[in-house]
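The values are calculated or read from the model by the stated rules, or taken from the named source; none is laboratory data. Predicted model, so just to flag it, every value in this text is computed and none were measured. A quick note on method: Cβ atoms are made from the backbone with ideal geometry, for glycine too, and the neighbour counts reach across all protein chains shown. Areas reflect the complete protein model, heavy atoms only, side chains present, ligands, DNA and RNA absent. Shrake-Rupley method; radii C 1.70, N 1.55, O 1.52, S 1.80 Å.
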Amino acid sequence: MEVQGSILLFEKAHKMKAQEKMQARLDMCNQFSKSIAEKSVEQLKRFDEMMELKQRQEKHQLLEQLEQSSKEVLGQQEKLKEEHRHRAKVSVMSRAWNPNLVTLKLREAEQQRQQEMERVRQEEGRERMRRLCTVQQEVLQLVQKIQVDYKQQESLRVDLSAYGHRGNQICGILSSVVRSSSERGFPTQDDVSLGERSLQEMQMLASTIEKELAAAEQRKKAEEEAAKQALLQQQQQQQAVPQSPAPAQDRRQTKQEGLQKKASKGTLETFLQLQKVLERCENACEDLSTSKDPKIKKIRADFQRAVNIPVSQISSVSGSHVKSTFDKINNFLMGKPTVSAGQTILLSQHPLGLDFACLKLAGKLVNQGEEEVASHHESAFPIASVASALWERYPIVRELFLANLHKKCPYAVPFYPTCSEDTPPMEYKRLLGYKVKDSVVEEQDSFLKRMSGMIRLYAAIMQVRWPFDSHQGNHPHGLNHGWHWLAQTVNMEPRSDITATLLFDFLEVCGNAMMKQYQDQFWKLLTLIHDRYFPEIEKITTSTEMGSASRLKHFLEGAIRRKDIPLPKGYLSASFWRT
């Protein structure tokens, strides 16, 4: 009976596991079907916009041809009128001066001037319409390039759905602008400026996707090569074991020697690419950032106020408060009028408005992690929800955020800067993330607090989604990046104090989500950290630095004993968003 009961329990567990896998597979198929349907709808919209654009261009060509024909006829008529006026002038000169004829001549001259002004206005309007149509055509061509095939994304293990979502959003906005301009008659210069900014953003999206795909290709090749090397090394070790069994101490030393001193090549390449994106954006916005012109300075201050004030107001008061704060930021980035301090601010006031706003927004979000989250851990999740929503709509904000985060907290890469002989001590401290002012380095507690706040915000962003979207695509920077960060961190030699602190902060915030996502694999990694990696941390930890190591050890032992990690403090449940 005991054996039969064990068999029945095993069959029941196996059946439940099979049902879970089947349900997961069914959910994946449903999600894939929804994604394909949404993509088809978007492609149909783009096709309709392209056909509408062609019809509009053909219409304008016909109107231009008619206008050209009418100009030729009017030219001939003007010649006849000029001859008639010349004869009339000769006739008048032969007669006495007539005031009525002078008034008539003045009236005719005024009519001609008004007609000429109207002709110039229409010509300028047609030129703006031609430019706007050309811009729309280029945008519709570029949007096809950023629609990366689903299978290609899956094979490269990269999610580019946010770029496609933003591209479709840009096409929709531009199409509505062109349609409304056509209904009015001619577009304004602001409409043309909006179209050119949309084209620039679309070009940036296409360029970013190419870089993402190239980086993903390189990562895939590097991982395949690393897997081959690991397999080869494992085979060599298996062959060597029967011949000369190594003592336990030698095996432990071999495992310790496996820890790397530097981050992997792919991780460093991603870090450098993001720093280049940040540098390019800062250089592009330099004129707006450093201008001494009072008018430009006012515009710059307005832009900063329109971004900084809403971000500073993000809190867990209620779900409606967080949503209204996000709407303020999103509407401003979309070019809609924004009221701040009693003044109406428009992003179109400067050609570099969108780039500058995204740059300042990313920096402000990182500052919130450095200051607000560091002091109040529960504030990480409302800020992360807004950041995640912005990342889905504006991929450039994600890149600039990560670049700023890596610059202030290199351990988020993860990356441990090395000190060369030419590097001054104060500069090396800056590279490590310390604040240095007047050759005075900030205290260790303040440094750890800031690093902790930024890692906690980063960990929160990886697991939250904006609840007011349909979420057809994957997370723009999901838990797979958290797994990558955790694996890369434990593959490198630990650093005193900082490694234990950030591992504890990351696992406390993101551990519950990773436990549900990766299940057995996560527990294997956690056991590895406890059994093999934590002893390495203890070796380099001094008596004055035992606080962070003790917290990490207590957390690991409790989680492994209970086989559970509780939800982090400040986690926003579904009921919160209904408040």
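Rounded to the nearest whole angstrom, the semi-axes of the ellipsoid equivalent to the range 451-579, taken from the Cα gyration tensor as √(5λ), stand at 28, 15, 14, largest first. What a 1.4 Å probe finds exposed on the range 282-378 is 50% carbon and sulfur by accessible area, rounded to a whole percent. Taking the helices alone, the chain has a mean residue ellipticity at 222 nm of -26000 deg cm²/dmol, built from -39,500 (n - 2.57) per DSSP H run of at least 4 residues and averaged over all its residues. Axis angle, to the nearest 10 degrees, between helix 265-284 and the longest C-alpha principal axis of the chain: 30 degrees.
Exposed loop sites are taken as GluC sites (Glu not before Pro) in a DSSP loop (any state but H, G, I, E or B) with at most 16 other beta carbon atoms within 10 Å; the longest stretch of the chain without one runs 1-420. Max-minus-min Cα coordinates of the range 261-394 on each principal axis give 53, 39, 26 Å, with the largest extent listed first.
From Cα pairs below 8 angstrom and at least 6 apart in sequence, can you work out the relative contact order of the range 303-416, rounded to a whole percent? Dividing the mean separation by the residue count of the range 303-416 yields 26 percent. Shape descriptor for the chain: Rg over Rh equals 1.13 (Cα atoms; Rh from the Kirkwood inverse mean 1/r).
Relative to the longest principal axis of the Cα atoms of the chain, helix 294-312 runs at roughly 40 degrees. Pairs from the table (Lys297/Lys364; Lys34/Lys328; Lys360/Lys569) lying more than 22 angstrom apart at Cα are Lys34/Lys328; Lys360/Lys569.
Between the helical axis of 189-243 and the longest alpha-carbon principal axis of the chain there is an angle of about 20 degrees. Within the range 342-495, the ratio Rg/Rh, alpha carbon atoms throughout and Rh by Kirkwood, equals 1.01. Solvent exposure of the chain, expressed per residue, is 57 Å² of accessible area, with all protein chains present and a 1.4 angstrom probe.
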